[in-house]
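Enquirer: Could you have a look at this structure, given as structure tokens, before my questions?
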Amino acid sequence: MSRLAEGATDLRAPATGTAAMPEATAAVAVRATLRFFASELRVTFFRRRNQLLLLVAALFPLVIGIGLKAADPHGGGGGRGPGASGAAYFSQLAGNGVFLTFVALSLLLILVLPVVVGVVAGDSIAGEAGYGTLRYLLAVPAGRTRLLAVKYATIVVWSVTATFVVSVIALLPGVVLFGAGPVTLLSGTTVSLADGLLHVLWVTLYVCAAMAAFGAIALAISTFTEHAIGAIAASLIIVVASEVIENVPQFAPVNPYLPTNWWLDFDSLLRTPVDTTTLWHGLLSFAVYAVLFVSIAWARFTSADVTS
Amino acid sequence: MTMTPDGHSAELAIASSALTKRFRGGQVAVDHVDLAVPRGSVYGFLGPNGSGKTTTIRMLLGLAYPTSGTARVLGVPMPEGTTRVLSRVGSLVEGPAFYPYLSGWDNLVRYDAADASAPGKTAKARISEAMERVGLLAAAGKKFRNYSLGMKQRLAIASALLVPRDLIVLDEPTNGLDPQGTREVRTLVRQIAADGITVFVSSHLLAEVEQVSTHVGVMRLGRLVFQGELTALRRTAAPRVAVRTADTATAAEVLAKLGLAGPQAGADLVTAELGDIAPEKITAELVHAGVGVRALTVEAPSLEDLFVGLTGEGFDVEAG
Ligand SMILES: Nc1ncnc2c1ncn2[C@@H]1O[C@H](COP(=O)(O)OP(=O)(O)O)[C@@H](O)[C@H]1O
Ligand SMILES: [Mg+2]
């Protein structure tokens, strides 16, 4: 405060105002939005809580790999692991460590990945509202649609990061513990290791899409409350409820419409030739969920009073 | 004066017309408020807690949508013009709010990055200057959660000064500050105003804005009960004559006969507005009528009395 008296600098906005900037306004706007996006990414990825989430997500594949190896050091092909899910890649793990990626993804998709994504996505708007920073961002002005776009873009980057952390980290103990080499796919065909890794990439991208769609659901919920914890919990309840309904035979007719129904349907990517029907169904489901819930988030966020 | 199509003057930094906010549940927080904040003024927006100041400010900043009525900020209709005009408006709404897990500096970087019109190249220099201005540069690297209340308030003011502004809106900027902090904020307001920036500052305490304001608006139960220059408010402070006597009935008669307005009688006291009658004339008339005068005084109500008169005494009034 000591310098108050000498404040001779003119703080007034230039008389022309900031609005008039005819040349390359679009480029300027894009650059400004990228700067905002970069700031959002920084805040998200440097936040201790979020780093901890990624760390936990990374630990799971290690633990799963070690656990499976310890339970069956010789890796007989007799359907090890949680046979309830019936995933064939558990038995394939014995032959090739690459399959630990699929094992890890399928196990973590049940709850761990949704938690990692749901915490960040559920917190995205509700957390800002809770801190009161939402009113300042809007008064800056960040723009409601622009803020929402940056938030969802960040959620997508976050979902992709979390999924890749799981599959890449899983490769390490997979290869170390179970060995690497030509990969025998579920259909019995054997492909080169490089080809096998390509299958890993496809599967990972499929799961990324699933998580990005789920992120849209959590984002939408986040626009309805000032309580981040509530939004996170609600989004996870949706996951669990959907998974429970999936397992009740009487509800079979609604299964294709459940948000979690297609998450694990990346089996076909592990066969040759790849049966794309299921994949496209899954991707269509993700796209519909993403568009629907981003729209809900937008409708809500651009019309609601910010009274936090 | 040039007028916009909907009748607002272009010379006003803030203009509203019948601005109304009814919350779900039916409560009318802001009731037909017609604000007229001249450019270059320091406008004290007064009213007790719950009188609708923050809700009004939220509508002016496009945070809340009016139920009815219109508002213009720097000539631009709100909330439609939010993204166009707000980059020229610095604001502090209902207390400072920042990310507790970021440092003061990183918090300002964050808000600055959200501003589409703020050039990223100059961000460092501008943030540094804003922090220096509020005396926080030394604590720039400290986590926000470790800031004292006064530091938090100053950081909020710094964020309002990140880019050149035409209007600064400060909602209760001295809330919770010690007298020292209050004075610092007042100095800052004076200095901002000296740069020609319009300042709209709300408070529930008249004393906090009285010294810096050129204009005041007074809210009560969501309504704007007074608006004008501070000197105009002072002029409404009509002096009253108070006669202490056992014979209040006769005394009241005498005052009425002299044409004094607003008579009030207590147990042993009669008061009325003095108007332009000389006090000695009243004394003479009272004595002439045989009233035993124990004391006769002339009192001008303080600005504070006027304020309380306009807004009511306190909480129970608001409940009604
Ligand atoms: N989100 C809301 N929902 C319902 N009522 C509200 C809300 N926000 C404020 N109010 C009510 O509106 C009135 C005005 O509040 P406010 O504008 O915060 O007053 P001030 O800033 O003058 O203290 C209060 O009675 C308050 O309880
Ligand atoms: Mg308030």
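Enquirer: Could you pull out the residue among A:Trp280, A:Trp298, A:Trp262 that is open to solvent by 10 Å² or more (accessible area, probe 1.4 Å) and at pLDDT 95 or above?
Expert: Matching residue, one of A:Trp280, A:Trp298, A:Trp262: A:Trp298.
Enquirer: Select from region B:70-113 the residues that are facing chain A (nearest Cβ under 7 Å) and charged (D, E, K, R) and write down the one among them that is nearest to A:Tyr136 (Cα to Cα).
Expert: B:Arg110
Yes or no, residue by residue, for (1) within 11 Å of ligand 1 (Cβ to nearest atom); (2) away from chain A (no Cβ under 14 Å); (3) touching a strand residue (DSSP E or B) at 6+ places or on another chain (Cβ under 6 Å); (4) among the charged types (D, E, K, R):
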residue	(1), (2), (3), (4)
B:Ala13	no, no, yes, no
B:Ser16	no, yes, yes, no
B:Arg22	yes, no, yes, yes
B:Asp31	yes, yes, yes, yes
B:Tyr43	no, yes, yes, no
B:Gly47	yes, yes, yes, no
B:Arg58	yes, no, no, yes
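Enquirer: Next question. Any idea which residue in region B:170-193 is nearest to the other protein chains (Cβ to nearest Cβ), counting only those that are within 16 Å of ligand 1 (Cβ to nearest atom) and out of contact with any helix residue (DSSP H, G or I) (no Cβ under 6 Å at 6 or more places or on another chain)?
Expert: Ranking the qualifying residues of region B:170-193, first place goes to B:Leu170.
Enquirer: Follow-up question, since we're still on this one. Return only the number of the condition from (1) more than 16 Å from B:Gly44 (Cα to Cα); (2) buried (at least 21 other Cβ atoms within 10 Å of the Cβ); (3) within 16 Å of ligand 1 (Cβ to nearest atom) that B:Leu155 does not satisfy.
Expert: Condition not satisfied by B:Leu155: (3).
Enquirer: Can you give me the number of residues within region A:130-155 that are among the hydrophobic types (A, V, I, L, M, F, W, C), assigned to a helix (DSSP H, G or I) and surrounded by 21 or more Cβ atoms within 10 Å (Cβ to Cβ)?
Expert: The total comes to 8.
Enquirer: Find the residue count for region B:276-308, including only residues that are of a type outside the set (A, V, I, L, M, F, W, C), exposed (fewer than 15 other Cβ atoms within 10 Å of the Cβ) and either closer than 19 Å to B:Phe226 by Cβ or within 38 Å of the chain's Cα centre (by Cα) (or both).
Expert: Looking only at that region, the number is 7.
Enquirer: Which count do you get for residues in region B:186-198 that are crowded, with 24+ Cβ neighbours inside 10 Å and either closer than 21 Å to B:Ala139 by Cα or within 16 Å of ligand 2 (Cβ to nearest atom) (or both)?
Expert: 1
The values are calculated or read from the model by the stated rules, or taken from the named source; none is laboratory data. All figures in this text were calculated on a predicted structure; none of them were measured in a lab. Because the Cβ atoms are built from the backbone with ideal geometry, glycine has one as well, and the counts that use them run over all protein chains shown. The accessibility values were calculated without ligands, DNA or RNA, using every heavy atom of the protein model including side chains. Shrake-Rupley method; radii C 1.70, N 1.55, O 1.52, S 1.80 Å.
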